[in-house]
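Comments concern the structure below.
The values are calculated or read from the model by the stated rules, or taken from the named source; none is laboratory data. From a predicted model like this one, the values you see are computed outputs, not experimental measurements. FYI the Cβ positions are ideal-geometry reconstructions off the backbone, even for glycines, and counts take in every protein chain you see. With ligands, DNA and RNA removed, areas are computed over all heavy atoms of the protein, side chains included. Shrake-Rupley method; radii C 1.70, N 1.55, O 1.52, S 1.80 Å.
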Amino acid sequence: KRFITPRVREAVVSTQSTGVMMFLGSLFIFISFFAIVGAMCEVVIMLKIYLSIIAIVLILEVILMGVCVAMRGEVEKRAVLAIHNLMEHYGDETADELNIITKTIDQTQTWLDCCGLDGPEDWKNSTKAEWWASRYNDGTVEVTLPGSCCIAPSASTCQLDNTEGQTIHHTAGCRQKFYKFVEENVTYVTVIGIVLIVLQVFIMISALKIRYELSSKYDCDDYATGSNMEITSL
């Protein structure tokens, strides 16, 4: 492992992500194959398989939505706990060779316009940001913040300023911003989930309609063929 450079590791991670996306795309094509061939070639068994897959996916989505609504508070707590655990190793290249932790924290703080878990002073707290506090804020008067806390996009670091109305860094903690984001967007997520479920129900109804039409057609054809054979034999 010592001879594997960070660039090679990033290439491996990128390859794995591409493989996952290709697998999901192939899975969707495979499922759609049953619907397309079943409808165009009038193969009833393939429509039955497609209906079964859609029904299973629909049931899983309903269960997932119910779990998310019921455990919303627990999900929020776990997300915040994950950010807290990541902050301990922020900037530590020994524990984070690919800079995944550092990039995740930076992207979170940039996305939510926040700094620290509960505020900028978390970055001088050795309990919350162990490596960063020991490296930059160990006994120093001025508190150094990561660049993602800074309002200036090109800044690599900036100093903590408790002056009211300052424009150097973000003042809100990511915990507060994350809770606010969830509250503001939970309605939209719920609506999108309901729309997807309704759409899948419509697809199931359409597939059922085609299936029964094909079944009725073949039953009529079999009945007509049997009648003709009886008349011919007479």
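Across segment 42-164, how large is the tail of the calculated P(r) beyond 25 Å, expressed as a percent of all Cα pairs?
43 percent
Rounded to the nearest 0.05, what FRET efficiency do residue 167 and residue 135 give with R0 = 35 Å and r taken as the Cβ-Cβ distance? Could you check?
Values: r = 26 Å, r/R0 = 0.74.
The calculated FRET efficiency here is 0.85.
Arrange the residues 44, 62 by how much accessible surface each exposes, largest first, with a 1.4 angstrom probe. Intermediate values should be presented prior to the final figure.
Working: 44 25, 62 80 Å².
The residues order as 62, 44, largest area first.
Among rounded, prolate and oblate, which fits segment 82-127 when a ≥ b ≥ c are the square roots of the eigenvalues of its C-alpha gyration tensor, a/c under 1.5 means rounded, and a/b larger than b/c means prolate?
Details: a/c = 2.27, a/b = 1.26, b/c = 1.80.
Oblate.
How charged is the neighbourhood of residue 119? Take every other residue with its Cβ under 12 Å from the Cβ of residue 119, and add Lys/Arg as +1 and Asp/Glu as -1. The partial results should precede the final answer.
Working: positive: 124, 128, 175, 177; negative: 118, 121, 122.
That sum, taken over residues with Cβ under 12 Å, equals +1.
As an exercise, take the mean of 1/r over every pair of distinct alpha carbons in segment 108-219, invert it, and state the Kirkwood radius in angstroms. Write out the running numbers ahead of the final one.
On the way: mean 1/r = 0.0565 Å⁻¹.
Result for segment 108-219 stands at 17.7 Å.
For residue 76 and residue 45 in the same chain, what is the full-extension length gain: residue separation times 0.36 nm, less their Cα-Cα distance, in nm?
Numbers: separation 31, 0.36 × 31 = 11.16 nm, distance 4.40 nm.
Here the answer is 6.8 nm.
Stretch residue 20-residue 52 to full length: gain in nm at 0.36 nm per residue minus the Cα-Cα span? Walk me through the intermediate numbers first.
Working: separation 32, 0.36 × 32 = 11.52 nm, distance 2.40 nm.
Residue separation times 0.36 nm, minus the Cα-Cα distance, leaves 9.1 nm.
Please report the accessible area of residue 178 (heavy atoms, 1.4 Å probe, ligands and nucleic acids excluded) in Å², nearest 10.
Using a 1.4 Å probe on the heavy atoms, I get roughly 40 Å².
Multiply the residue gap between residue 187 and residue 67 by 0.36 nm, knock off their C-alpha separation, and tell me the result in nm, one decimal place.
Numbers: separation 120, 0.36 × 120 = 43.20 nm, distance 1.57 nm.
Gain in length upon complete extension: 41.6 nm.
With all protein chains present, calculate the accessible area of residue 187 using a 1.4 Å probe and round the result to the nearest 10 Å².
80 Å²
Which value, in Å to one decimal place, does the Kirkwood hydrodynamic radius take for segment 131-185 when every pair of different Cα atoms is included? Mind dumping the intermediate values first?
Numbers: mean 1/r = 0.0787 Å⁻¹.
The Cα-based Kirkwood calculation yields 12.7 Å.
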